[in-house]
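The next block holds one structure in the form of structure tokens; read it before the comments.
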Amino acid sequence: VQTCALPSSVGIVGLGVGARSWYRQPGQDWHFYEIDPMVDRVARNPDLFTYMSNCAGDAPTHLGDARVVLDGQTDLRFDVLVIDAYSSNSVPVHLTTADAMQLYIDRLADDGVLLYHISNRYYRIDVPLARAADALNLDIWVKFHEAKARAPFEGDTFVAMVTRVGQTPQTILDNGGWTRLDSDGGKVWTDDFANPLGSLKWIYAR
């Protein structure tokens, strides 16, 4: 477990309306990854949303499939890489496999942090992530935040954090709510095998 300085480089997979840019601090180098050019145009239009124009207008958006783009960016190393490309009712399998996790780790600094936003109505995405982390000899933690209000667009939040062994920042753990996650021993999802039906929530609620 390590101490945690303010990250100097941050990658965000999944731009959305650019809300994550609100967390950007002066001097930080941010990169966004988005598969849909229309999403980037909408996020950067201040007549529609102002997160990007106010907070990260100079940060590049790398268009295309994030795995393909990151695979070619061998010179980049992030202090924090966030995978925020999951919808509320499906699993982008190619972003969830052990092969994908290895690529993300390869794009981190030695003490970097990989974060997955895995809130989902129907699937336990933490299950395949735990298997992948175990197979790759990585530490994985999860944190669940229950929404206090049930307003539109507000719901429970589930996050997974992956680091190299012994490199999890203590300052993050001290924030509370993090639980170390163990693999259930099931078959690891790879680019050649995945079983989304096996991670349905009803299976784990029986």
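The values are calculated or read from the model by the stated rules, or taken from the named source; none is laboratory data. Just so it is clear, the structure is predicted and the values come from calculations on it, not from any experiment. Neighbour counts are summed over all protein chains in view; Cβ atoms, including those assigned to glycine, are modelled from backbone coordinates with ideal geometry. Just the protein is used for accessible areas: all its heavy atoms, side chains included, with ligands, DNA and RNA removed. Shrake-Rupley method; radii C 1.70, N 1.55, O 1.52, S 1.80 Å.
Which FRET efficiency value, to the nearest 0.05, is calculated for LYS187 and ASP75 with the Förster distance at 35 angstrom and r the Cβ-Cβ distance?
E between LYS187 and ASP75, to the nearest 0.05, is 0.55.
Quick one: ranking TYR86, TYR33, TYR122 by accessible area, 1.4 Å probe, largest first, what do you get?
TYR122, TYR86, TYR33
Roughly what angle does helix 126-135 make with the longest principal axis of the chain, taking Cα atoms, 0 to 90 degrees, to the nearest 10?
That works out to roughly 80 degrees.
In terms of solvent-accessible area of protein heavy atoms at a 1.4 angstrom probe, what is the ranking of PHE49, PHE158, highest value first?
Reading off the accessible areas and sorting them downward yields PHE49, PHE158.
Could you bin all the Cα-Cα distances of the stretch 44-97 into 10 Å bins starting at 0 and give me the percent of pairs in each, rounded to whole numbers?
With a bin width of 10 Å, the distribution comes to 17, 40, 36, 7.
Place the peptides 14-25, 192-203, 127-138 in order of packing, highest mean first, counting for every residue the other Cβ atoms within 10 Å and averaging per peptide.
127-138, 14-25, 192-203
Report, in whole Å, the centroid distance computed from the Cα atoms of the stretch 45-87 and the stretch 94-150.
18 Å
Expressed as a rounded percentage, what relative contact order does the stretch 1-87 have, with Cα pairs under 8 Å and six or more residues apart?
Taking the mean separation of contacting Cα pairs over the length of the stretch 1-87, I get 38 percent.
Starting from one equal scatterer on each C-alpha and no solvent at all, send me the Debye-based log10 I(q)/I(0) for the chain at q = 0.08, 0.11, 0.14 Å⁻¹, two decimals.
At q = 0.08, 0.11, 0.14 Å⁻¹ the computed log10 ratios are -0.27, -0.52, -0.87.
With a bin width of 10 angstrom, please list the P(r) values of the stretch 37-135 as percents of all Cα-Cα pairs, from the 0 bin to the one holding the largest distance.
All Cα pairs, binned at 10 Å, distribute as 13, 39, 36, 12, 0 percent.
How large is the accessible surface of HIS145 in square angstrom, using a 1.4 angstrom probe and rounding to the nearest 10?
Spelled out: HIS145, probe radius 1.4 Å, area about 100 Å².
Please give the contour-minus-distance gain from VAL165 to ARG41: 0.36 nm per residue of separation, less the Cα-Cα distance, rounded to one decimal in nm. Could you put the intermediate results ahead of the total?
Numbers: separation 124, 0.36 × 124 = 44.64 nm, distance 3.89 nm.
Contour length minus the Cα-Cα distance gives 40.8 nm.
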